[in-house]
Amino acid sequence: RDCAAMDSNNFEENVGVGEREARVLSGVVRRRHFGLAHGVGRSGDVAAVQPKAAGSSLLAKLANALALDALKEAGLVEFRRAIVLPCATGLSLSLCLLALRNQLPPTERAKKSKALWCRVDQKSCFKGILLAGLEAEV
C-alpha cells in the first residue's frame, strides 16, 4: 500500500486524465490490487521508470532484481539483467507449449500437433493452445 501511495493516480487531490493513468472505479478491485493499477514503463521501453508511477516502478525494479538473483542462484551467472513481465494464463500456456515444442528434434515437431485440454471452464487455456499452433484434444 505504501508503494501504491507513491503512484500519482492515488494522490488525494489528483484527477488523472493521461492515457496511461489508472482509474479504478471498484473499491473491491482497488483493495484486491492494493491500489497498484498504474502500470510501468514508458513508450518504447517497458523497463523505463515511469515518473507518475514511482511506487509501481520501484516494485518492478525490485522484481527484476529478485529475478536476476534467482537466475544467478540457479547457476546462470552470465546474466547481467532480468525483466519480469506480466503474462496472463493463455499467453503463459502458449509460451510454455512453444518452449516444450522447441525442445523436440526438428523432425519430431510436426508430429506433435495436439495438446491435452482437461479444463473446459477456461477459454484462455483453449486460446493459448490455438495460439501455439496446436490442436486441443479435449
- Message: So for the range 59-75 (the condition being out of contact with any Phe, Trp or Tyr (no Cβ under 7 Å at 6 or more places or on another chain) and farther than 30 Å from Met6 by Cβ), does at least one residue qualify?
- Response: yes
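Residues are listed down the side, and each one gets a yes or a no for (1) in a loop (DSSP other than H, G, I, E, B); (2) open to solvent by 90 Å² or more (accessible area, probe 1.4 Å); (3) not β-branched (Val, Ile, Thr):
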{"site": "Val40", "(1), (2), (3)": "yes, no, no"}
{"site": "Val49", "(1), (2), (3)": "yes, no, no"}
{"site": "Leu59", "(1), (2), (3)": "no, no, yes"}
{"site": "Leu62", "(1), (2), (3)": "no, yes, yes"}
{"site": "Phe79", "(1), (2), (3)": "yes, no, yes"}
{"site": "Ile83", "(1), (2), (3)": "yes, no, no"}
{"site": "Cys96", "(1), (2), (3)": "no, no, yes"}
{"site": "Leu104", "(1), (2), (3)": "yes, no, yes"}
{"site": "Ser124", "(1), (2), (3)": "no, no, yes"}
- Note on the structure: Looking across the range 23-35 at residues that are open to solvent by less than 60 Å² (accessible area, probe 1.4 Å) and either polar (S, T, N, Q) or not in a helix (DSSP H, G or I) (or both), the single one that is modelled with the highest pLDDT is Ser26
- Note on the structure: When restricted to Ala115, Ala99, Ala110, Ala136, the only residue touching a Leu at 6+ places or on another chain (Cβ under 6 Å) and among the aliphatic types (A, V, I, L, M) is Ala115
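The values are calculated or read from the model by the stated rules, or taken from the named source; none is laboratory data. Owing to the predicted nature of the structure, the values given are computational and were not obtained by experimental measurement. So basically every Cβ, Gly included, is an ideal-geometry build from the backbone, and we count neighbours across all protein chains shown. Surface areas here come from the heavy atoms of the whole protein model, side chains and all, with no ligands, DNA or RNA. Shrake-Rupley method; radii C 1.70, N 1.55, O 1.52, S 1.80 Å.
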